[in-house]
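One structure is given below, encoded as C-alpha cells.
The values are calculated or read from the model by the stated rules, or taken from the named source; none is laboratory data. None of these values were measured; they are calculated from a predicted model. Using ideal geometry, Cβ is built from the backbone for each residue, glycine included, and neighbour counts are taken over all protein chains shown. Just so you know, the surface numbers come from the protein's heavy atoms only, side chains and all, with ligands and any DNA or RNA stripped out. Shrake-Rupley method; radii C 1.70, N 1.55, O 1.52, S 1.80 Å.
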Amino acid sequence: MRDLPSGTVTFLFTDIEGSTKLLHELGAECYAEALLQHRRVVRQACAEQGGVEVDTQGDAFFLAFPSAPSAAAAAQAIANELAPGRVNLRIGLHTGAPLLTEEGYVGEDVHFAARVGASGHGGQILLSRTTRELLGPQVVLRDLGEHRLKDIPEAVALYQLGGEVFPPLKTISNTNLPRAASSFVGRETELKQILAEIEQGGRLLTLTGPGGSGKTRLALEAATTLVPEYKAGVFWVGFAALRDPALVTPQIAHALGAKDGLAEHIGEREMLLLIDNLEQVIEAAPDLSQLLQACPNLTLLCTSRELLRVRGEVEYSVPPLASTEAVSLFCERSRLEPSDEISELCARLDNLPLAVELAAARTKALTPLQILERLSQRLDLLKGGRDADPRQQTLRATIEWSYELLSEVERHLFWWLSVFSGGCTLEAAEEVAGAELDTLQSLVEKSLVRFSNARYWMLETVREYALERLERAGEADERRDRHGRFFLALAEEAAKELEGPQQAIWIERLDDDHDNFRAALQHFVILGAADLELRLVAPLWKLWFNLGYWEEARRALEHALASSSAATTDRVKVLQGVAWIAYRQDGDIALSRRLGEEALRLSRQLDDAVLAAGSLRQLAVAAQAEGEQERATDLLEEAARLSRSVGDLRGIGTATNNLAHIPLLAGDFRRAADLFEKSLSVARQLGNELDRGTALLNLGQAERGLHDYHAAATHLTESLTIARDIGIREAIVEALYALAAVAAGMDEAERAARLVGAAQCQADFGHVLEEFERRQLEGTVETIRMVLGDEGFEKALGVGRAMSLETAVEYVVGDARSTDAKL
C-alpha cells in the first residue's frame, strides 16, 4: 500500500461491457485469451502514466493515479488500443482525496468513482466534474449534463472524454422515477425476491398490501435497481389522485410523451413501467393487459391494495418489516437508540412502515414507552373486529391516534388540506384551507403532511382519513367550492400570463397543479355547474394540448360544449379548441371547419374582434389543408385587419406567421422569410417564448430553402432549446427534422441521419407531419440514403433513436458552438 498515491488522487475504474455474452460468443478458450490481452493493454497503458493497480476482480480494474491528466491519458490509450477488438471496455474517472489506510483507500470517492464507471457504454470514457476541472483546455470533452447515480443522493455532472455519440448513460436519468424523500431501510429479502421474479420473466408483477405497508417505497427501490437493465428506460406513473379509469392510458401516454397510440409508441422497446396506486382505477386493468400483449418487451410493476386479476399477473404480497428493520426505521426517523420499548412498540404496530414513522414523529414530545401506553388501548379496541385486514386496522388506529393528538386548529387544517389532489403550494393552502405557516409546519413535523419541491401533500392513506373527517364534519362541499373557485381564478389569471414573458414559469406552475384542475373540473361536473366548467376549460385547453394531454383536453372540451349552451366568449374559445384538436389529432378537416364557422358566428355576435380573428385563423388552417390557398390568404388578411383594428399585437403576429406559410409552401422562400421575420419581431416585443420559438423554427425553414444553412441552423437550434425549456414536444420534433434537412444540405449525411433518428424517437406520440414537413423529410432521407447506403443510414439512424431528449439537444447545441467558434 506504500506505493499508492496519496492526497488528491484520480481513480480509474474499468469493466467489460457484455462480458457474459462475449464469453458465450467466443468460447472459454478464446475468451480467456481476449481477457489476457485486455489486461496487458490496461496494465501497460496505466504503468506508462504512473498509475498503480489497486484491485482486480474478474474483468474489472481499479487503478489510482497521482494526477487527472495522467489518468485521462491512460484511459484514452486503453480505449484506442482496444477499439478494433471484441472487448468493449467502459471506463470511469473521478478525482478526490480519499483516506489511505494499510488496507487501501477508504471513503465516498471510491464508491463514487465506481458508479461513474458503471454508467457508461463499451468504448466510452466518463469523468466526474472534479476530474474534468483538472484537465487542460486542449482535451476534447462532451458535457453529458446532470445525472443521478445509485446511492448518490444528489444529481451529479458527468462528462465524456472525446466527442463520439453514445446511447444514453445507464444512470437513473433514463427515467422519471421520483427521488425518494427518505432513505430505504431494510427490505433486502423482499427486494431480492421482486428482482428475481422479474429476472425470471415476470412481466406483470403486482405488489399488494394495505395502505402504509411500504408498497410504493419498495417498488421504487426495485425500479431504481432495474434502470440499467431496460434500454428504453424505467418510468413511474402515479394514480393516487386519479379516479377516472378512462384516463389511465392517456396518463401513461403523457408520462412517456405519447399523445396517442401508446402501444405503437412502446412497440418492441425494452421498458419498465412502475404503475403506482392502481387500486384507485382498478377498472383499467384490462387496458394494461392489452398493452402488455401488444408490447413484447414491456414489463409492468404495479402497486395496488387489490389484484388486477388479469392474465399473466404475479402477486407479491408485501409483508410487514422484519422486527429489526422496523426498529431501525423508528430509530433513524426519531434519532433514538434501540431499546426494548421501541422493539415492543414496533411489534404492537405490526411493523408497518407508515405506522412506525407516524409514531416516531411523536418522539419530540413523548418517550417510546409513553407512546406505547397511549396507543395500546386504541389498538386493542380496533383489533376486536374481524371484518378488515388486521394491518389496515393497525394503520387506521395509528393515524387516528396521531390525529387526536392534534390541536383544534391543526385538526381543521388537516381536514381542509385533503381537498387538494396531488398537493398544493403555500399560496393555495392559505387561500383554500386558511393555512398558517406555523400550523402547516407542525403537521409536517408530525408526518401527517409531507413537504417537497415547494409543495405540501399527503400520502394517499392519510388523505383518505382526512377526507373522511372532512365529510363527517359536513364541510366537504364548502371546501370543494373554495378549491374549485381558486383554481378557476388561477386558470383565468394564467390565460394572460401564458402569452407574456413569464410564460415558461406559468406553464410549469400549471402543470404541477394538473391534478387539482382535474379535481376542480370534476367538482363542477358533479354539481352541474356547466358555466363554471366552460370557464375552466376555456383558458386551459391550449396548455393541455401543448403539454401533451391531447385526449383529455378533447374530452373535457367536448363535455363542456355539450353541457352548456351559454353564448359567451368562453364558448368561442372551447369551440376553437375542439376545432384545432380535431385537425391536429385526427386530421378531421370537415369537423374543424364546421366548429370554426360556429366560433366565428358567435364571436361576431358577441362583437369580439380578438376572438373573431382567432376563428378566421382557424378556418384558414382548414382551407390550407384542403389546398385552397387563395381562400386561406383572404381569411388571414381579414384576421390581420381585425387584429390591427383593436391593437391586438399577438393576433397580428400570429396572422403574419400563418400568412408566411403560403409562400413557404409555394417555394417563395424570400417572401416567407420576410414575413417570418416580422412575426418574430412581434413575439420578441411581447416576450412570448412559445411564439418566438415558432417564428424561429419557421424562419429557419425558409432560410434552408434559400440555402443559407448557417442562419437556418442558428435559428433552428434556438427554436429547439426554447421548445425543450418550455416542454413543447411537437416543436422539438419539428426542429429536429428541420435541422436534419439543414445537415443534409450541408453534406453532413451521418449527422442528418442521427437527427432524423432523434426526431423519430421523440415523435412516437402520434405526431402527424403536415404536407411541407412530410415532403421535407422524404427529401432528406432520400439524400442521406444515397450518401450513406442502406446499412450506413440504418446505423446512424439507430444512434439517433437511442438519444434521450437532452442528449439530442446537446448534440445540436454542442455542434452549433463548434461552428460558431470556427467562424
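D708 exposes around 70 Å² of accessible area when a 1.4 Å probe is run over every protein chain in place. The alpha carbon convex hull volume per residue for the chain rounds to 187 Å³. The share of alpha-carbon pairs in the stretch 664-726 lying farther apart than 14 Å comes to 52%. Average accessible surface for the stretch 490-600: 38 Å² per residue, computed with a 1.4 Å probe over protein heavy atoms with every protein chain in place.
For the stretch 477-519, a simple Cβ point-charge model (Lys and Arg +1, Asp and Glu -1, everything else neutral) yields a dipole of about 140 debye relative to the Cα centre. Return, ordered by residue number, the residues of the stretch 640-654 whose backbone nitrogen is under 17 Å from a label point located 7 Å along Cα→Cβ of L606. In the stretch 640-654, the label zone of L606 (backbone N under 17 Å from the point 7 Å along Cα→Cβ) covers 643, 646, 648, 651. Over the C-alpha atoms of the stretch 552-636, the Rg to Rh ratio, Rh being the Kirkwood estimate, stands at 0.97.
Let me spell out the model: positive unit charges on the Cβ of Lys and Arg, negative unit charges on the Cβ of Asp and Glu, origin at the Cα centre of the stretch 247-316. What dipole size does that give, in debye rounded to 20? List each step's numbers first, then the result.
On the way: 5 positive and 11 negative charges, 9 e Å.
Here the stretch 247-316 has a charge dipole of around 40 debye.
If you sort E552, E508 by accessible surface, 1.4 Å probe, largest first, the order is E508, E552. Stretching the chain fully between Q44 and E306 yields a gain of 88.4 nm (0.36 nm per residue, less the alpha carbon separation).
What's the FRET efficiency of A322 with T569 using the Cβ-Cβ distance as r and R₀ = 45 Å, to the nearest 0.05? Mind showing how you got there, number by number?
Numbers: r = 62 Å, r/R0 = 1.38.
After rounding, the FRET efficiency stands at 0.15.
Relative to the current alpha-carbon distance between E33 and Q685, full extension at 0.36 nm per residue lengthens the span by 228.0 nm.
Among the listed pairs K192/K215; K150/K215; K170/K795, none has a Cα-Cα separation exceeding 26 Å. Split the accessible area of the chain by element, probe 1.4 Å, and carbon with sulfur accounts for 49%. With contacts taken as Cα pairs under 8 Å at a separation of at least 6 residues, the chain carries a relative contact order of 7 percent.
Quick one: accessible area per residue over the stretch 159-242, 1.4 Å probe, rounded to a whole number of Å²?
38
In order along the stretch 447-457, the Karplus-derived 3J(HN,Hα) couplings, from 6.51 cos²θ - 1.76 cosθ + 1.60 at θ = phi - 60°, round to 6, 8, 10, 9, 9, 7, 6, 6, 10, 9, 8 Hz, and Gly and Pro are given as x.
Across the alpha-carbon atoms of the stretch 239-281, the computed radius of gyration and Dmax are 10.8, 30 angstrom.
Rolling a 1.4 Å probe over the protein chains gives L690 an accessible area of about 40 Å². Rank A735, F184, A45 by how far each Cα sits towards the positive end of the charge dipole of the chain (+1 on Lys, Arg Cβ; -1 on Asp, Glu Cβ) and give me just the farthest. With unit charges placed on the Cβ atoms, the residue in question is A735. On full extension, the segment bounded by E103 and V140 gains 9.7 nm, given 0.36 nm per residue less the C-alpha separation.
Ordered from highest to lowest accessible area with the whole protein assembly present and a 1.4 Å probe, I784, I589 read as I589, I784.
Quickly estimate the mean residue ellipticity at 222 nm for the chain, helices only: each DSSP H run with n ≥ 4 gives -39500 (n - 2.57), and the total goes over all residues, rounded to 500.
Working: 36 runs with 500 residues, N = 823.
Value at 222 nm, helices only, nearest 500: -19500 deg cm²/dmol.
Using heavy atoms of the protein chains and a probe of 1.4 Å, the accessible area assigned to L35 is about 20 Å².
In a simple Cβ point-charge model (Lys, Arg +1; Asp, Glu -1; nothing else charged), the chain has a dipole of about 220 debye relative to its Cα centre. Within the same chain, aspartates and glutamates fewer than 8 places from K446 are excluded, and of the rest, those with a Cα less than 13 Å from its Cα are E357, E400, E404, E410, D438. Per residue, the stretch 1-92 exposes an accessible area of 51 Å² to a 1.4 Å probe, with every protein chain left in place. For the chain, the residue among G548, Q57, I194 whose Cα projects farthest onto the positive side of the dipole built from Cβ charges is G548. Counting every alpha-carbon pair across the stretch 419-479, the share separated by more than 16 Å comes to 44%. Between I526 and E25, the modelled labels are 5.8 nm apart [label points 7 Å from Cα along Cα→Cβ].
Calculate, in whole percent, how much of the Cα-Cα pair population of the stretch 257-331 lies beyond 19 Å. That tail contains 47 percent of the Cα-Cα pairs. Once the Cβ-Cβ distance between A83 and T225 is put in as r, and R0 is 45 Å, what FRET efficiency do you end up with, to the nearest 0.05? For R0 = 45 Å, the calculated efficiency reads 0.90.
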